[in-house]
Amino acid sequence: MNLHEYQGKEILNSFGVRIQRGIVASTPDEAVEAAKKLTDQTGTSWYVVKAQVHAGGRGKGGGVKLAKNLEEVKSISDDILGMMLVTPQTSVEGKLVNQVLIAEDVYYPGEVETEEFYVSVLLNRATGRNMVMYSTEGGMDIETVAEETPHLIFTEEIDPATGVLPFQARKIAFNLGLSGNAFKEMTKFVTALYNAYVSSDSAMFEINPVLKTSDNKILAVDAKVTLDENALYRHKDYLEMRDVREENPIEVEAKAVGLNYVDLDGNVGCMVNGAGLAMGTMDLIKQAGGDPANFLDVGGTADAARVEAAFGIILKDPNVKAILVNIFGGIVRCDRVAQGVVDAYKSMGDKINVPIICRLQGTNAKEAKELIDNSGMEIISATEFQEAADKVQEVLA
Ligand code: GDP
Ligand code: MN
């Protein structure tokens, strides 16, 4: 589950990681109130107005702007709130901005130059260990750094039994070219950051940039946090951080009716029971030259109501040009599923406007095929897996 910057920073702050402080707002008036409060709390006189959407590169897209007084806070917030923010990480339509973070300006002038770094914590799948990835090239697109100057990206593997050891924290601060107070601050920063990552059961923390301020403080200017959904039961307080406005609306609807659905780019809708068979079905569609429009596991009870709900979800995707139903009747009998398909087809009427290829195998498969073939409906039945995939290609041709 992805979080907004302000939510990620809340988690960081709760584990003692220093952050650029801010207050979130949904209207220009709230933004001004937030700015006033922030000045009371921090003494800042300049502010950054930051669009809160689940996408990076907001600065480049005009979603991060400096405001030097309350009037500017108001006018900039007015501009950013409600805009469709387009960044290198969004679609061409962009993302609707519902909230802005009013943050303290941390790039104030002082005794030394500010410096930006990149620090992330994530799982190294090759070794099965968490690692700290870091670079002197902060504030830039890290993929570009990885491509053009890979020698400027460092990694430090962390032993799960010990966490970040003091020598590792010092090595990171040293490789980032720090000394004096900033060096000490960075060792504290990475240690706290790693602890926050582990304690919050996160899948990824990416802080870009980490800033060395002009008075040698180290803090997180940005925060990209992905929580591990499978661990959310241990963090009930994080559950309310879900912002469904940022998620695919069809997936949200499918989740609400208990269907396991993932939206994909192709044009063949899939209705399958069991995640393994669903994966196999997608593979076969691909092999036959097609492209799956979704992953959909209807689960064990493929009755008429569920089948109808699943058809409804699949057909919400305007790219779907054919639907392949591939159900294995183990505990659930195939004839019951077939009846479900026929009933759903009848009750949905002309809402089903694409060909359906139906393969039911397992208990009572023969009865199921007869039921489909004799239903008088335009459902194409198939017996073999390959045959089903080929028939999909035939109707698409
Ligand atoms: P991103 O573009 O989505 O990665 O958003 P960031 O939170 O990383 O902000 C983008 C850029 O805005 C940063 O790299 C900074 O250069 C700039 N920025 C962020 N906070 C401040 C601030 O407090 N003052 C100033 N002057 N610039 C800031
Ligand atoms: Mn950033």
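Annotations for the structure displayed:
- Accessible area of region 123-209 belonging to carbon and sulfur atoms, whole % at 1.4 Å probe: 54
- Solvent-accessible surface of region 20-105, averaged per residue with a 1.4 angstrom probe and all protein chains in place: 47 square angstrom.
- Computed over region 1-151: relative contact order in percent, which uses C-alpha pairs under 8 Å that are six or more apart: 22
- Residue-normalised accessible area of region 145-203, expressed per residue, 1.4 Å probe, Å²: 51
- Entry comment: accessible area of region 235-355 is 46 Å² per residue, from protein heavy atoms only and a probe of 1.4 Å.
- Cα centroid separation, region 33-106 to region 199-253 (Å): 18
- Ligands, DNA and RNA left out, the accessible area of region 20-105 computed with a 1.4 Å probe is 52% carbon and sulfur.
- DSSP bridge pairs, the chain: antiparallel proportion in percent, nearest 5: 70
- With every protein chain in place, region 216-361: carbon and sulfur % of accessible area (1.4 Å): 52
- Considering all C-alpha pairs of the chain, those separated by over 35 Å amount to 43%.
- Tensor-based shape of region 1-83 (alpha-carbon gyration tensor, a/c under 1.5 rounded, otherwise prolate or oblate): oblate
- For the chain, the longest principal axis of the Cα atoms and the long axis of helix 28-42 meet at an angle of about 40 degrees.
- Residue-averaged 222 nm ellipticity for the chain, from DSSP H runs of 4+ at -39500 (n - 2.57), nearest 500: -11000 deg cm²/dmol
- Inter-label distance for Asp291 and Val244, nm, one decimal - labels placed 7 Å from Cα along Cα-to-Cβ: 2.9
- 0 to 90° range, to nearest 10: angle between helix 334-348 axis and the chain longest Cα axis: 80
The values are calculated or read from the model by the stated rules, or taken from the named source; none is laboratory data. As the structure is a computational prediction, the values presented were derived from the model and not from experiment. All Cβ positions, glycine included, derive from the backbone under ideal geometry; neighbour counts span all protein chains shown. The area values use the complete protein model at the heavy-atom level, side chains included, leaving out ligands, DNA and RNA. Shrake-Rupley method; radii C 1.70, N 1.55, O 1.52, S 1.80 Å.
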